[in-house]
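I have placed the structure first, in the form of structure tokens, so that the comments after it can refer back to it.
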């Protein structure tokens with residue numbers, strides 16, 4: 001075994017502005033009242049409510065509140081899994097994804113109706129069919145619930161949110177496959193607008209409930225959006241989401257060590273908006289920040305159910321990830337999204353010590369003990385970060401960072417592995 005050397009580390013806390021909503025149900029009730037759509041829903045009518053495949057904070061409470069409002073109006077709401085190829089592109093797999101987030105018929109108070117069947121509701125100007133979830137199409141109304149945030153692959157005024165849910169989520173596997181493919185030829189912005197307009201004109205969309213989260217992964221903004229305002233309001237909410245999203249504390253790193261990747265944490269497994277690889281898998285584009293030389297991944301999240309999409313963005317990983325991969329689910333996701341390289345396998349090593357040792361030995365002329373290394377739990381939770389001593393002077397000079405520990409060695413165990421970051425925090 002080579003005589004690896006490693007930098008010493010310290011923990012810091014980032015001070016992000018908090019925008020947490022204290023009373024989520026009250027805010028949703030107020031937004032539904034402001035939207036003034038109650039008179040459009042007659043007693044006994046069915047309302048399909050979308051539930052996606054992302055780990056949205058407080059999603060059970062949000063969905064349950066929407067269900068309760070609709071019940072009070074005399075409607076018969078039900079949940080539809082609004083996700084393209086996730087869950088392996090199968091009904092039970094998509095039900096399983098919802099169950100992972102605690103979304104069950106008991107928890108939200110209404111039936112869950114899952115199908116991969118779609119209805120063709122029109123033909124896009126680009127020449128392909130527009131698909132829409134069959135159960136949602138047959139409902140009297142549809143309420144679109146989704147979080148607004150930057151997309152991990154495409155850039156534009158509209159990225160991930162209500163409009164995308166009309167396409168990718170409610171288009172199911174078949175629609176998602178077509179739209180992602182078309183976006184490479186025509187741009188995501190064009191496809192989301194053209195397809196979204198057809199869906200909005202031909203399907204019975206009652207309302208959208210837009211969710212924006214802050215840097216603490218807290219529900220920070222809830223807004224009822226009328227369907228005719230989806231296209232104009234969403235860019236404004238996207239700007240808010242970008243302003244509030246978390247980020248790494250430093251713009252440059254030789255190595256970024258990540259405890260877990262997963263579909264429940266980001267659509268791309270590792271959020272490319274955080275790691276600075278939105279345009280290239282293995283390097284930052286000119287002017288893109290942060291600029292990270294190597295990414296090392298230690299594990300998959302339990303909530304990803306073996307979907308290892310995003311592993312291809314890393315250069316190094318632990319060998320024990322490989323047998324955990326659901327190859328079918330990962331490949332389906334990669335092919336449907338058009339991001340095939342995101343499913344490729346990096347160099348793997350049996351222990352954290354060897355993985356990091358190899359990475360640090362190849363960063364250039366900087367000695368490993370002086371490397372700029374950041375260690376995070378995942379790309380969703382960035383309040384606390386372990387950083388190498390090379391960042392200490394800068395951290396001390398910044399008001400937005402609080403140093404939580406002294407400098408100490410990397411805590412490798414006798415087996416050559418590190419504890420997870422959350423465990424290390426508890427013991428620091």
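I'd like to check which strands (runs of 3 or more DSSP E) are fully inside the range 30-125 and have at least 1 residues that are farther than 30 Å from residue 381 by Cβ and free of Cβ contacts under 8 Å to residues at least 40 places away in the same chain.
76-81, 118-123
Yes/no per residue for (1) within 16 Å of the chain's Cα centre (by Cα); (2) within 24 Å of residue 169 (Cβ to Cβ):
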site	(1), (2)
293	no, no
301	yes, yes
304	yes, yes
319	no, no
328	no, yes
339	yes, yes
344	no, no
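Against the conditions (1) surrounded by fewer than 21 Cβ atoms within 10 Å (Cβ to Cβ); (2) in contact with a helix residue (DSSP H, G or I) (Cβ under 9 Å, 6 or more places away or on another chain); (3) touching a residue at least 40 places away in the same chain (Cβ under 8 Å), residue 154 satisfies every one except (3).
When the residues of the range 396-428 are filtered to those that are assigned to a helix (DSSP H, G or I) and over 28 Å from the mean Cα position of the chain (by Cα), the one that is surrounded by the fewest Cβ atoms within 10 Å (Cβ to Cβ) is 427.
Quick one: would you say residue 198 is under 24 Å from residue 337 (Cβ atoms), assigned by TED's automatic domain parsing to the domain that holds residue 63 and modelled with pLDDT of 95 or more? Reasoning before the result, please.
Details: under 24 Å from residue 337 (Cβ atoms): yes; assigned by TED's automatic domain parsing to the domain that holds residue 63: yes; modelled with pLDDT of 95 or more: yes.
So residue 198 fits the description; yes.
Being at positive phi and buried (at least 24 other Cβ atoms within 10 Å of the Cβ) is the filter here, so list the residues in the range 269-284 that pass it. Selection gives 269 alone. Annotation: residue 215 fulfils all but one of (1) over 29 Å from residue 391 (Cα atoms); (2) assigned by TED's automatic domain parsing to the domain that holds residue 36; (3) assigned to a loop (DSSP other than H, G, I, E, B); the unmet one is (1). Among the residues of the range 247-268, those that are part of a strand (DSSP E or B) and either crowded, with 24+ Cβ neighbours inside 10 Å or outside the structural domain of residue 303 (by TED's automatic domain parsing) (or both) comprise 253, 255, 256, 257, 258, 261. Screening 220, 253 for residues that are over 30 Å from residue 362 (Cα atoms) and modelled with pLDDT of 95 or more leaves exactly one candidate, 220. If you go through the range 146-178 and keep only what is touching a strand residue (DSSP E or B) at 6+ places or on another chain (Cβ under 9 Å) and farther than 16 Å from residue 208 by Cα, you end up with 150, 151, 152, 154, 171, 172, 173, 174, 175, 176, 178.
Name the single residue that is farthest from residue 220 (Cα to Cα) among those in the range 126-159 being in a strand (DSSP E or B) and under 18 Å from the mean Cα position of the chain (by Cα). Checking each candidate, the answer is 144.
The values are calculated or read from the model by the stated rules, or taken from the named source; none is laboratory data. This is a predicted model, so every value here is computed, not measured. A quick note on method: Cβ atoms are made from the backbone with ideal geometry, for glycine too, and the neighbour counts reach across all protein chains shown.
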